[in-house]
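The values are calculated or read from the model by the stated rules, or taken from the named source; none is laboratory data. Just so we're clear, the structure is a prediction, and the values are computed from it rather than from any experiment. Cβ placement follows ideal geometry from the backbone for every residue including glycine, while neighbour counts extend to all protein chains displayed.
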Amino acid sequence: MRGVGNATIILPPLEPGQAQQAAAVLRAVRAAIAEQGGWLSFEDYLRLVLYAPGLGYYSAGSAKLGRAGDFITAPELSELFGRALARQCAEVLQQIGGDILELGAGSGALAATVLQTLQQLGALPDRYFILEVSAQLAARARARLARLPAELRERVRWLSALPQTPITGICLANEVADALPFRLFAVRADGFAERGVALDTSALPDGTWPDGTLPDGTSPDDTSPDGGLVLADRPADAGLTQELRRIATDLAAREMPGWPLGYQSELCGLLGPWIASLAAALSRGALLLIDYGLARHEYYARERSRGTLRCHFRHRAHDDPLRYPGLQDITAWVDFTRVAEAGTDAQLQLAGYCTQAAFLLANGIEADVADAADTVQRARLASEARQLLLPGEMGEHFKVMALTRGLGEAPLRGFSLQDLRRML
Ligand SMILES: C[S@@+](CC[C@H](N)C(=O)[O-])C[C@H]1O[C@@H](n2cnc3c(N)ncnc32)[C@H](O)[C@@H]1O
């Protein structure tokens, strides 16, 4: 599971192949820092350590998702998740027909379950598009979906960019918004600062080049866990300052206390444009986003003074993004108010916002457990359902948001038990 972390944690050591990859990623980070004049924005750092082709966490070879990887997502944990989500898809597809477009399909687990369930419900989409930026995960998903019966696998279409012609149907993204690169900021006595990544020059021996390599081309600290990188602040630029003032004004309007000095949090500037691009790809239907996140006033509450950044390495969660760059996942929670604003700016309707627990219950997860073939299977499903539903597990940290176009006023079934839209 992702999203719950522990600040002081001892991480397992790297395996031999991983140490080599870590060194290559560190070299790329050092070069980028040097190229940017000594300071790399955290957003650019994430772009590099998560997505640089052949190097970044999502682009290179580690297992990532699943028990053998670094974290478990809901579709990896249990088919119950995909079955419930498929019932929501069926309701929309039975009304308007069309396709499904899944962003960031990971190992393909969700696509497989959704297609199988929609077949049982007699509500298959015409096509099931997948846009996955990780070549390594796309290969894994292809292998998995190749095992589906022909009637299902022939509907799968792989995309390298969003469709030029907008689709009718459903756009799905589970735990993708939290994987978008984001900026870090801090509140200081002299104003807002943007937190980026620099070299800890105090730790480097004399004669080190600006990118942190020694004159003989080796690096003094390839073997240290953070490779001599440090978080470093710069005064926030005008755009970031304006955005942070807007958030602070929202909090003040709710009579919430301001941020204390030293407060650190994140801002995902890519979220709005990403939602706008998905809205442009949907001519009619629903965009369903599932992720761990909060309404803005909860996200930026004074008490959350270290923000929501979390790193995941072999099922250990912690909050040091400089450890093992390229080998660990780095995420932040989603500001669902920002998602809703971007959706409505793109003329989508905010049709629902609730906890994952409420959404899965409204889509019949309990019946799936009750219908188990025997007591052994029922016990397994009941245990998986608990992890998906309980507040201390994934039930409440995770939210579901529906943004729709041209679906009429009838509420979607997934939001019939709970409506948290007023929180946004
Ligand atoms: C945390 S994983 C979740 C995978 C899968 N949805 C699941 O629930 O198991 C995030 C996924 O989003 C993909 N991703 C990140 N940014 C993306 C983008 N802009 N478009 C499509 N996929 C993206 C990553 O490659 C990765 O597969």
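List of remarks:
- Being modelled with pLDDT of 95 or more, of a type in the set (Val, Ile, Thr), surrounded by fewer than 22 Cβ atoms within 10 Å (Cβ to Cβ) and over 30 Å from Ala286 (Cα atoms) is a property that holds for Val187.
- Segment 265-297, residues that are within 13 Å of Thr337 (Cβ to Cβ) and out of contact with any Phe, Trp or Tyr (no Cβ under 9 Å at 6 or more places or on another chain): Gly272, Ile275, His297
- Residues of segment 83-102 satisfying the condition of being surrounded by fewer than 23 Cβ atoms within 10 Å (Cβ to Cβ) and within 16 Å of the ligand (Cβ to nearest atom): Arg83
- Scanning segment 315-352 for residues that are assigned to a strand (DSSP E or B) and over 30 Å from Leu282 (Cα atoms) yields Arg316, Ala317, His318.
- Number of the exception - Thr113 against (1) within 30 Å of Gly56 (Cβ to Cβ); (2) among the β-branched types (Val, Ile, Thr); (3) away from the ligand (no atom under 13 Å from the Cβ): (3)
- Filter result (closer than 26 Å to Ala276 by Cβ and surrounded by fewer than 18 Cβ atoms within 10 Å (Cβ to Cβ)) within segment 346-371: Gln347, Gln349, Leu350
- Residue check, Ala373 among the aliphatic types (A, V, I, L, M), out of contact with any Leu (no Cβ under 9 Å at 6 or more places or on another chain) and away from the ligand (no atom under 16 Å from the Cβ): yes
- Filtered residues of segment 45-68 (kept if more than 14 Å from the chain's Cα centre (by Cα) and at pLDDT below 80): Ala60, Gly61, Ser62, Ala63, Gly66, Arg67, Ala68
- Top-ranked residue of segment 140-157 - restricted to ones that are under 24 Å from the mean Cα position of the chain (by Cα) and modelled with pLDDT of 95 or more, ranked as nearest to the ligand (Cβ to nearest atom): Ala141
- Where strands (runs of 3 or more DSSP E) sit wholly within segment 76-183, those with at least 1 residues that are within 14 Å of Leu288 (Cα to Cα), out of contact with any helix residue (DSSP H, G or I) (no Cβ under 7 Å at 6 or more places or on another chain) and touching a residue at least 12 places away in the same chain (Cβ under 8 Å) occupy 99-103, 167-174.
- Among the criteria (1) outside any loop (DSSP other than H, G, I, E, B); (2) over 21 Å from the mean Cα position of the chain (by Cα), the one Val400 does not fulfil is (2).
- Residue selected from segment 69-82 under the condition touching a Gly at 6+ places or on another chain (Cβ under 9 Å) and not hydrophobic (A, V, I, L, M, F, W, C), by the criterion surrounded by the most Cβ atoms within 10 Å (Cβ to Cβ): Pro75
- Residues satisfying the stated conditions in segment 5-59, i.e. among the hydroxyl-bearing types (Ser, Thr, Tyr), in a loop (DSSP other than H, G, I, E, B) and buried (at least 19 other Cβ atoms within 10 Å of the Cβ): Tyr57, Tyr58
- So Val49, is it within 16 Å of the ligand (Cβ to nearest atom), in the same structural domain as His318 (by TED's automatic domain parsing) and touching a residue at least 12 places away in the same chain (Cβ under 8 Å): yes
- Test: residue in segment 299-314 that is touching a Ser or Thr at 6+ places or on another chain (Cβ under 9 Å), assigned to a helix (DSSP H, G or I) and either without any contact (Cβ under 8 Å) to a residue 60 or more places away in the chain or surrounded by fewer than 23 Cβ atoms within 10 Å (Cβ to Cβ) (or both): yes
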